[in-house]
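One structure is given below, encoded as structure tokens.
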Amino acid sequence: MTTETPVLLTIFGGTGDLAQRKLYPAIFRLFQKHQLQQHFAVIGTARRDWSHEYYRQVVRTAIASLTNDAAEITNFTSHFYYQSHDVNDVAHYQTLKSLSQRLDQQYRLRHNRLFYLAMAPNFFETIAQHLKSEQLLTTDGFNRLIIEKPFGHNYSSAEKLNKALTATFRTDQIFRIDHYLGKSMIQNITNLRFNNQLEALWNHHFIDNIQITLSEQLGVADRAIYYDQSGALRDMVQNHILQILSLLAMEQPAFNNHQSITIAKQTVLEQLHPLTAHTISQNFIRGQYAGAEHVKAYRQNNQISADSNNDSFVAGKITIDNPRWQGVPFYIRTGKELAAKYTRINVQFRTPAGSTAPANRLTINVEPEATITSALNIQSERPTVLKPVSAFAQNDAYANLLQAILHGDATHFTTWEELAAAWKFIDPIQAYWDTHEPEFPNYQPQTMGPQAATDLLTRDGRTWLD
Ligand SMILES: NC(=O)c1ccc[n+]([C@@H]2O[C@H](COP(=O)([O-])OP(=O)(O)OC[C@H]3O[C@@H](n4cnc5c(N)ncnc54)[C@H](OP(=O)(O)O)[C@@H]3O)[C@@H](O)[C@H]2O)c1
């Protein structure tokens, strides 16, 4: 039987894209799983002047594909309330406070509050401060702040943001969403490694290289303004890819709990081999697409300047300075307008001494399918078999993460220390790129990026694994 955690969830940016595409469906999934039942209410806030009824209609539309049960929808949406609110206006927090108190009593929410900032980060500090100064934080329930990337655009801006938030919220009250950490297969990397004998092979004696690919088929679409100031390096590598890398590379945590896991992740992020101008120029490839008749070139997007040098593709070779991973490259790549949409990790093992057979491989397919396959050599007409050893349904990443926040479980969230280490690794790459003119455009849409990304592995006598 599921025990419900009573909670009031206030969403700042309740009219926005993130709320409609991700949050309302995720909240509904928790409702269907009885994680939220009777004792919950949601306040959506934004400047638009919506009524509760109109807001409920928006929520209905957002969850329409998830159920046909009209009574279920009506019951669910009856828990949603809308409050027009400008986050810069202190007086508006009083109205929000009154509504919060009323709903707290009406639904018996035990003063538990989640504040989801589904808004641009430049508002985070103001909201956090006003929540405290206007006393929307309760003293006898839990108060948790949920924020979305980007967490700064370099180390110093991230540090400033962190200082601003921790002036109001305790570290253990801040949940930084990295939605890749909500994906079922990513959450299972620790199980895969530490609950199997596989861990005995998980080192440089047996592993030749590890490849992480986050391939996106779409272009920048309607997020061009944001993306052009960020690029693939900051939008995907700094957070998602380095988080995945840290789970793959970390030492076994002392205990299977949040504190031990995040310390293990942080440690490995701090052990990434420091980069120099020379190693950046050799080991990091950036790209920008153009050249297909049916796909607008990156620079032709009408929200992007015609001479933009922003990266829509990154490939890189990362090494780690510790005994476990000496000599083992982690190859990473991500980009827009690539040949297919998938997230995949390939672990390529070394070939046994004297063997001429193909190397063994373990593939962790994160999405679209969630499977693990292995390529092993057996005596048969076809020497290599690809065998799915596991396949399970993907739970929705946002639902996984929201459920964890409800339970106060911070395991699958990014700590400030991890973020700091990641930015310190990324900043020199961005700085080098900012001061060196790229030869853009350099890859065709619907391919796997520039030729230099292939050459990066060829040079080492390796290839990207499918
Ligand atoms: N969309 C995604 O899939 C996604 C994924 C990852 C991260 N993120 C991050 O999540 C955040 C939100 O993204 P989004 O795509 O949802 O943006 P969006 O669609 O532009 O939504 C922004 C929201 O902020 C509200 N808003 C703006 N100024 C306001 C003010 N002064 N007071 C109160 N509300 C205000 C807007 O509503 P009004 O205009 O009605 O005020 C709207 O609800 C961004 O930081 C983004 O980088 C988004």
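What the table below lists for this structure:
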quantity: Listed residues F40, Q129, P428: farthest to the positive end of the dipole of the chain (Cβ charges); calculated: F40
quantity: Length released on extending from D466 to D89, taking residue separation times 0.36 nm less the Cα-Cα span; calculated: 130.5 nm
quantity: Carbon/sulfur fraction of accessible area - region 181-458, other protein chains in place, 1.4 Å, %; calculated: 51
quantity: Distant-in-sequence amide H partners of Q288 (H built 1.01 Å from N, under 5 Å); calculated: S312, N442, Y443
quantity: Computed Rg/Rh of region 181-458, alpha carbon atoms with Kirkwood Rh; calculated: 0.97
quantity: The chain: calculated mean residue ellipticity at 222 nm from DSSP helix runs of at least 4, using -39500 (n - 2.57); calculated: -9500 deg cm²/dmol
quantity: 0 to 90° range, to nearest 10: angle between helix 155-166 axis and the chain longest Cα axis; calculated: 30
quantity: Cα-derived Rg over Rh, computed across region 1-60 with Rh taken as Kirkwood radius; calculated: 0.99
quantity: Projected area averaged over orientations for the chain, convex hull of C-alpha atoms, nm²; calculated: 24.8
quantity: Angle in degrees between helix 52-63 and the longest Cα principal axis of the chain, rounded to the nearest 10; calculated: 20
quantity: Angle in degrees between helix 124-133 and the longest Cα principal axis of the chain, rounded to the nearest 10; calculated: 30
quantity: Whole-percent pair-distance distribution, where bins are 10 Å wide, for the alpha carbons of region 103-194; calculated: 14, 40, 28, 16, 2
quantity: Separation between Cα centres of region 1-43 and region 226-242, rounded to whole Å; calculated: 28
quantity: Per residue accessible area in Å² of the chain, where ligands, DNA and RNA are left out and the probe is 1.4 Å; calculated: 44
quantity: Positive-end residue, the chain charge dipole about Cα centroid, Cβ charges, pick of Q101, N162, Q229; calculated: Q101
quantity: Links that overshoot a 18 Å alpha carbon limit, given the list K149/K183; K97/K132; K160/K265; K296/K336; K33/K149; K160/K336; calculated: K160/K265; K33/K149; K160/K336
quantity: Over region 181-458, relative contact order from alpha-carbon pairs under 8 Å, at least 6 apart, %; calculated: 29
quantity: Calculated P(r) tail over 25 Å for region 7-148, as whole % of Cα pairs; calculated: 21
quantity: Qualifying GluC sites (Glu not before Pro) in region 130-236, DSSP loop, other Cβ atoms within 10 Å at most 14; calculated: none
quantity: Geometric extent, Cα atoms of region 216-293 - Rg, Dmax (angstrom); calculated: 16.7, 54
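The values are calculated or read from the model by the stated rules, or taken from the named source; none is laboratory data. Please read all numbers here as calculations on a predicted model, not as lab measurements. Cβ: placed from backbone, ideal geometry, glycine included. Neighbour counts: every protein chain shown. Just the protein is used for accessible areas: all its heavy atoms, side chains included, with ligands, DNA and RNA removed. Shrake-Rupley method; radii C 1.70, N 1.55, O 1.52, S 1.80 Å.
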